[in-house]
1. In the range 113-163, which GluC sites (Glu not before Pro) fall in coil by DSSP and have 16 or fewer other Cβ atoms within 10 Å?
2. Give me the percent relative contact order of the range 11-163, please, defined on Cα pairs under 8 angstrom at least 6 residues apart.
3. What distance in nm lies between label points placed 7 Å from Cα along the C-beta direction at Lys51 and Glu127?
4. Using a 1.4 Å probe over the heavy atoms of the protein chains, calculate the carbon and sulfur portion of the accessible area of the chain as a whole percent.
5. Over the chain, give the accessible area per residue in Å² for a 1.4 Å probe, as an integer.
6. By average Cβ neighbour count within 10 Å, what is the ranking of 14-20, 76-82 from highest down?
7. Taking Rh as the Kirkwood radius computed over C-alpha pairs, what is the Stokes-Einstein D of the chain at 25 °C in a medium of viscosity 0.890 mPa s, expressed in µm² per second?
Amino acid sequence: MEIERKFTITALPGDLAAHPCLVIEQAYLNTDPVIRIRRQNDEYYLTYKGKGLLVRDEYNLPLNKEAYEHLRTKADGNIISKKRYLFPVDRPAFVRDYVPSGAIPALTIELDVFEPPFAPLVIAEVEFPDEEMAKAFIPPDWFLEDVTFDPQYHNSTLSRKVF
């Protein structure tokens, strides 16, 4: 299960280089349902995603490099390349009317900086352990618009974009 909110941002943080970075390439074999392949640094995955915007089913299966490269030739639409920077969330800052049953888990902002042809698109995503926490999340000041419910910001939609 994936529970995730997405945001545009006001500007790139000045300290990007101080944060861990993943180099991601992903391609879509199908967009309804979503079947995606991804290279993330030196790891490879096949992912199925169900319908939904805030909450949806997600299943990841490991691939090897050869399987990824074979499936990549079968991809439809645009292949998406991006750098993903990982920022820890200041946990106390996001709590609003949220009473967890246990300790508040650590959360991470995944800041996706897209390469051409999608540049200068930048999307911040935060995944949550439950829907209640996702709804209670108060975004940091450098987040702009909540685009969680706007399908045009889904990578599967971007893969079909015509330039």
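The values are calculated or read from the model by the stated rules, or taken from the named source; none is laboratory data. Since this is a predicted model, take the numbers as computed values, not measurements. For neighbour counting, all protein chains shown are included, and Cβ atoms are generated from backbone atoms with ideal geometry for every residue, glycine included. For the accessible areas, the whole protein counts, side chains as well, though only heavy atoms, and no ligand, DNA or RNA atoms are used. Shrake-Rupley method; radii C 1.70, N 1.55, O 1.52, S 1.80 Å.
1. Details: sites: Glu125, Glu127, Glu131, Glu132, Glu145; in loops: none.
Sites meeting the loop and neighbour criteria: none at all.
2. Values: 258 pairs, mean separation 33.3, N = 153.
22 percent.
3. 2.3 nm
4. Numbers: 4720 of 8830 Å².
On the chain, the fraction of accessible area on carbon and sulfur atoms equals 53 percent.
5. Numbers: 8830 Å² over 163 residues.
For the chain, the per-residue accessible area is 54 Å².
6. Numbers: 14-20: 9.9, 76-82: 17.6.
Most protected by this proxy first, the peptides run 76-82, 14-20.
7. Values: Rh = 16.7 Å.
Diffusion coefficient, whole number: 147 µm²/s.
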